[in-house]
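A.B. asks: A single structure is presented below for examination.
Please treat every number below as a calculation from the coordinates, not as lab data. Everything numeric in this text was worked out from a predicted model, so none of it was measured. Virtual Cβ from ideal backbone geometry, glycine too; neighbours counted across all protein chains shown.
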Amino acid sequence: MGNGGDTNIVIETTITFSNNILYSTFYFYFNSFIYGCLINFIMDYTQLLKRAREGLPEIVSVRERFEVPKVKGHLQGNRTVISNFSMICSTLRRQPQHILKYLLKELATSGEIKNNLLVFNRKLSSLAINQKVRQYTNMYVLCTECGKPDTKILIEGNISYLKCQACGAKHHIKN
Ligand SMILES: [Zn+2]
């Protein structure tokens with residue numbers, strides 16, 4: 001009898017003891033988890049603040065990853081000759097005639113594509129041409145939703161659309 005009672009006490013003590021260990025283990029991991037969450041939250045928040053301070057919303061940084069090509073060229077008398085026009089067209093993945101039409105209208109000049117060179121019949125600064133290439137890219141290449149350049153121009157009837165192959169967005173563009 002006496003022996004049995006002793007065994008019961010020992011068992012009870014062991015159970016209480018292991019419960020205490022369980023509780024402290026649980027609290028230890030629970031606290032670690034909470035601290036972990038807090039630290040992650042603070043880090044995320046710091047990142048957010050940093051981004052806000054730099055004034056760079058997500059979409060803009062995505063856009064900036066795609067580099068709009070810069071023109072290379074020279075003046076020839078009263079003309080401006082762009083030597084890397086075909087590279088620009090292939091980077092933007094647009095028809096040379098489509099880009100040419102836009103640039104001529106925007107830069108208020110006549111011009112043509114001759115032996116892979118783009119020739120404007122006017123003296124133009126590379127700054128002005130680059131600005132128009134960037135405008136064209138924003139209008140006819142980059143998706144307004146996700147900012148990626150993986151887009152196609154769709155023509156339905158008389159209306160043109162820019163269809164994004166990355167996110168599926170589709171929006172109306174000028175012809
Ligand atoms: Zn998109």
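A.B. asks: What FRET efficiency, computed as 1/(1 + (r/R0)^6) with R0 = 45 Å and r the Cβ-Cβ distance, is obtained for Lys72 and Asp44, rounded to the nearest 0.05?
C.D. replies: Numbers: r = 43 Å, r/R0 = 0.95.
After rounding, the FRET efficiency stands at 0.55.
A.B. asks: Hey, with R₀ at 41 Å, roughly what FRET efficiency would Ala108 and Cys167 work out to, going by the Cβ-Cβ distance, to 0.05?
C.D. replies: Result of the calculation: an efficiency of 0.70.
A.B. asks: With each label point set 7 Å from Cα along the Cα-Cβ vector, what nm distance links His98 and Ser86?
C.D. replies: 1.9 nm
A.B. asks: Would you kindly state how much longer the chain becomes between Gln135 and Lys152 on full extension, computed as 0.36 nm times their sequence separation minus their alpha carbon distance, in nm to one decimal?
C.D. replies: 4.4 nm
A.B. asks: Return the distance in nm (one decimal) between the two label points of a simple spin-label model at Phe33 and Lys123, each offset 7 Å from Cα along Cα→Cβ.
C.D. replies: That separation, rounded to one decimal, is 7.4 nm.
A.B. asks: Starting from the Cα coordinates of segment 65-142, work out the convex hull volume and express it per residue in Å³. Don't jump to the answer; show the numbers that get you there.
C.D. replies: Numbers: hull volume 6.2 nm³, N = 78.
In segment 65-142, the Cα convex hull volume per residue is 79 Å³.
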